[in-house]
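Single-structure report; data block below.
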Amino acid sequence: MNKASDSGTGPRAFPVGPYSALTVFQEGDRLRVVADDVTALELRLRDRVDHLEVLKASKDSQLAARAVSAAAEALFAWWPGADRIVLGLADGASLARELMDSGLAFMSEGQLVLLPELVMQRRDNWLMNPGRPPFPQLHVMTDGRRHPRRAAKPTGKVYGRFIPWLSQVISFRVAALENDLHLLHRWMNDHRVDAFWNEAGDLDKHRRYLAGILADPHMLPLIGCFGDQPFGYFELYWAKENRIAPFYDAGDYDRGWHVVVGEDAFRGRRYISAWLPSLMHYMFLDDCRTQRIVGEPAAAHSQQLRNLERSGFAKIKNFDFPHKRATLVMLLRERFFADRLWLPADAGPAVSS
């Protein structure tokens, strides 16, 4: 691990949390985490960039814990090779307890340790409603399929994340019929999209289509944005109630997805390495019981299959839907977090924001 003095970085910033609720600033070996123009945490990088010393922390232990989490996310993004952060607290028993009680840190050989796979499961850094608990389980029957009753769908923005290699924030919001129909209509009529979706048509067709998805309890339509620019349409589904369920042993909280990247400017590997893991991250955070994410791309869609393999999806098998030959792909929660798949394998130091 590089020494802090050898890191070669100038001042830089890393926004964390919905609407950049926290911002991590680094200059030399010092870090500050600012919330609403107030410094919530000051830290110093010690001899190694994976050793942090808390110099000053907010007396609000929950805010201080959020700030520690934000600083850790920034450091793990800036130095992707770091596998842990050792946190020094001269006089911070309450903060240490808050970090351990929330599962963000643990004691190892007398040291307080943060791991990236723990940091990236702290929901309030990315979700708009992080305090929402898992929906109580009650099994019901739908069309002959037994599955857990699903929570009411969210509205508005649900997720946001700063992408350091793009210096942009990606976000997902629930599609709204009155605001997003024109986008869906244009994208579905793109010849590149229609080649795999086969949903080209007039505005009325797409109005009925989106209205049907919004009314279906097992589906969640999302619009993806980089900054303020919409770039794609995503359909998330609970696998147990989906057409995919008969083709594998679907778990109660397995989730799947479909994608349309509608804007040419946001195609390509740099953007795929941002939106694809961010979408997976959202699904894993949305319900802690989701252990697997599945997909069923067309078996002939070789480029998408290569992208999925690079992103940690395993190819399970080929099978036949009535409308296409598909490949079942699967991503495990454990692999996503343990292998830190929210960052591209070749991610280098982030550029300044």
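The values are calculated or read from the model by the stated rules, or taken from the named source; none is laboratory data. The model shown is predicted, which means the values in this text are computed figures rather than measured ones. When we count neighbours, we look across all protein chains shown, and the Cβ atoms used for this are built from the backbone with ideal geometry, even at glycine. When the accessible area is computed, the model is the full protein with side chains, heavy atoms only, and any ligands, DNA or RNA have been set aside. Shrake-Rupley method; radii C 1.70, N 1.55, O 1.52, S 1.80 Å.
The table below gives the values:
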| quantity | calculated |
| --- | --- |
| Boolean, residue 193 is in a helix (DSSP H, G or I), within 23 Å of residue 273 (Cα to Cα) and within 26 Å of the chain's Cα centre (by Cα) | yes |
| Tally of residues being assigned to a strand (DSSP E or B) and surrounded by 11 or more Cβ atoms within 10 Å (Cβ to Cβ) across segment 141-174 | 19 |
| Verdict on residue 77 being closer than 26 Å to residue 170 by Cα and either at pLDDT 95 or above or in a loop (DSSP other than H, G, I, E, B) (or both) | no |
| Test: residue in segment 2-13 that is at pLDDT below 95 and on the phi > 0 side of the Ramachandran plot | yes |
| Residue in segment 264-283 that is more than 21 Å from residue 164 (Cα to Cα) and aromatic (Phe, Trp, Tyr) present | no |
| Count of segment 285-321 residues which are open to solvent by 40 Å² or more (accessible area, probe 1.4 Å), among the acidic types (Asp, Glu) and either closer than 22 Å to residue 238 by Cβ or not in a helix (DSSP H, G or I) (or both) | 1 |
| Those residues of segment 128-148 which are out of contact with any helix residue (DSSP H, G or I) (no Cβ under 7 Å at 6 or more places or on another chain) and under 18 Å from residue 284 (Cα atoms), in sequence order | 128, 129, 131, 132, 133, 134, 135, 136, 137, 148 |
| Out of 235, 263, sole residue that is surrounded by fewer than 21 Cβ atoms within 10 Å (Cβ to Cβ), at pLDDT 95 or above and in contact with a Pro (Cβ under 7 Å, 6 or more places away or on another chain) | 235 |
| Residue match in segment 325-340 (condition: touching a residue at least 60 places away in the same chain (Cβ under 8 Å), among the polar types (S, T, N, Q) and either closer than 30 Å to residue 14 by Cβ or open to solvent by less than 30 Å² (accessible area, probe 1.4 Å) (or both)) | no |
| Residues being in contact with an Asp or Glu (Cβ under 6 Å, 6 or more places away or on another chain) and either more than 23 Å from residue 20 (Cβ to Cβ) or open to solvent by less than 10 Å² (accessible area, probe 1.4 Å) (or both) - total across segment 56-83 | 2 |
| Those residues of segment 56-77 which are in contact (Cβ under 8 Å) with a residue 24 or more places away in the chain and either of a type in the set (Lys, Arg) or in contact with a Lys or Arg (Cβ under 8 Å, 6 or more places away or on another chain) (or both), in sequence order | 61, 66, 69, 76 |
